[in-house]
1. Just give me the residues in segment 64-95 being touching a helix residue (DSSP H, G or I) at 6+ places or on another chain (Cβ under 6 Å) and of a type in the set (Gly, Ala, Ser), in sequence order.
2. Can you go through Val329, Val296, Val308 and tell me which one is surrounded by 23 or more Cβ atoms within 10 Å (Cβ to Cβ), in contact with a Pro (Cβ under 9 Å, 6 or more places away or on another chain) and assigned by TED's automatic domain parsing to the domain that holds Ile366?
3. Limited to segment 159-173, what total is found for residues that are surrounded by fewer than 24 Cβ atoms within 10 Å (Cβ to Cβ) and farther than 21 Å from Pro106 by Cα?
4. Given the residues Ala163, Ala145, Ala155, which is the only one that is modelled with pLDDT under 95 and out of contact with any Cys (no Cβ under 8 Å at 6 or more places or on another chain)?
5. Only one of Arg65, Arg114 is over 24 Å from Cys177 (Cβ atoms), out of contact with any His (no Cβ under 8 Å at 6 or more places or on another chain) and charged (D, E, K, R); which?
6. Report, by residue number, each residue of segment 291-332 that is of a type in the set (A, V, I, L, M, F, W, C), in contact (Cβ under 8 Å) with a residue 40 or more places away in the chain, over 27 Å from Ala150 (Cβ atoms) and assigned to a helix (DSSP H, G or I).
7. Restricting to helices (runs of 4 or more DSSP H) lying wholly in segment 353-465: which have 1 or more residues that are at pLDDT 95 or above, touching a Leu at 6+ places or on another chain (Cβ under 9 Å) and surrounded by 19 or more Cβ atoms within 10 Å (Cβ to Cβ)?
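The values are calculated or read from the model by the stated rules, or taken from the named source; none is laboratory data. The shown structure was predicted, so the numbers you read here are calculated from the model rather than taken from an experiment. For neighbour counting, all protein chains shown are included, and Cβ atoms are generated from backbone atoms with ideal geometry for every residue, glycine included.
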Amino acid sequence: MAIDHTRAPVLEALADYHRKGRLTFAPPGHKQARGADPAVREVLGDAVFLGDVLASGALDDRLTRGRVLERAEELMADAVHAEHTFFTTCGSSLSVKAAMLAVAGPHEKLLIGRDAHKSVVSGLILSGIEPVWVVPRWDPERRLAHPPSAAEFEAAFDAHPDAKGALITSPTPYGACADLREVAGVCHCRSVPLIVDEAWGAHLPFHPDLPSWAMDAGADICVTSIHKMGSGLEQGSVFHLRGDLVPAELLRMRADLLGTTSPSVLLYAGLDGWRRQMALHGEELMGGALDLAADVRARIEKIDGMHVNDRADFCGAGLAEDFDPLPGVIDIEALGITGYQAADWLREHRDVNVHLSDHRRIGAQITHGDDQETAGQLLAALEDLARAAPDLRPAPRVEVPSAGELRMVQARLPRDAFFGPAEHVPLSEAVGRIAAEMITPYPPGIPAVLPGERLTDPVLRYLRTGLNAGMNLPDATDPELETIRVLGRDAE
């Protein structure tokens, strides 16, 4: 059957629902905004409620005979060269867990880059999978991790030949990309699948000047957040499948285990509409974003104290294999302030929100939704920040460990440590104890401490000094980090 990317099955079904004036005596209880709180309607607008209908029994019939979602997923798969695509309204945090569970089970091994997102670690805790951590490539000058190399995965498979597959993150939130084709080759010569957490790569398939994306590089499962670099709504995510190493029905069953039985049609509509937009106009839109980003990057480079990380910074021997310029990672170390200070100042004084912030960088991503007006506002705010920086000094010092110091021994399975008997001890007494919680600087959401890791002084000092400097640690059980949750002595 010919693929027609001018169609948008979810949007068309929703328009048909309204055109026919269907009356529902089923959830949601707001009854197409009529029962919603007036103040909520005033802020959100009625369009939100009008798009909020049941997926089956409203958008489609009770047996989904119209194949509305199925047809939308088929169109998405075609757009990114996948064989199967699955929509989810629970974000890539769910998608990546479903992918992991489709490849490995309790007490089975999965190779994972240690720069994985916290959702991957949550998947380990829920599943009981045994992680084999693959060391990322480390830039000692910029104190920044890039995706592990194919050689690192090769060595890990040699040491753990019983591993069921591998998981890698590419691109990273900083825009650094792995050599996915080589990593996939390492997996496939052993007849095991590769999962790519491509949450930050929704845009990659739609312009030839962007890095290769997972499905074209030979990955088996790819997880993508449409809301990050695409134009879907928050929590809109898809996962794609190719090849026969992971059966489609198995992946669907694992996703069903975790997913909601009340998916948001609003999010489905966002996914469906974004696919149509990209399939029809993606190269033009992404080309415009790349041109705008190049101009913005060049103009930021002229601001004293700011440097936009580029290919020369991130790629080369021992570093990343490719680079996406759109995340717009700005090194502000020369300003003498931290990324945390910069992010707070921009929001408070110029009403500008940036994405990631760390001890020396901020991320100002450019997408196809930006234009000269938004770019001009960003540039003006950054120029003002540079002028204000002297008043923000001295910057609190963050003691960032070296690559070797960042890595801690995984003494227990994450699941066993997380659910095991635990106690809280003062941070000063935690060195040598086994962590029973996850502690994650956020964004970008890469845990510094995992359940089951034996705690070391450099990592604890990094978290303590980071928190004092403004680092966000949303999952620490003690928000002040005076104490930390560790495995009880009897369980060590």
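1. Hits for segment 64-95 are Ala72, Ala79, Ser93.
2. Val329
3. At the first step, the residues of segment 159-173 found to be surrounded by fewer than 24 Cβ atoms within 10 Å (Cβ to Cβ) are 159-164, 173.
Going one step further and asking which of them are farther than 21 Å from Pro106 by Cα, we end up with 173.
So the answer is 1.
4. Ala145
5. Arg65
6. Hits for segment 291-332 are Leu292, Ala293, Val296, Ile300.
7. Numbers: elements: 372-392, 403-406, 414-419.
It comes to 372-392, 414-419.
For (1) under 22 Å from Arg311 (Cβ atoms); (2) assigned to a strand (DSSP E or B), each residue gets a yes or a no:
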{"position": "Ala155", "(1), (2)": "no, no"}
{"position": "Lys164", "(1), (2)": "no, no"}
{"position": "Thr172", "(1), (2)": "yes, no"}
{"position": "Gly185", "(1), (2)": "no, no"}
{"position": "Gly201", "(1), (2)": "yes, no"}
{"position": "Pro211", "(1), (2)": "yes, no"}
{"position": "Phe239", "(1), (2)": "no, yes"}
{"position": "Val246", "(1), (2)": "no, no"}
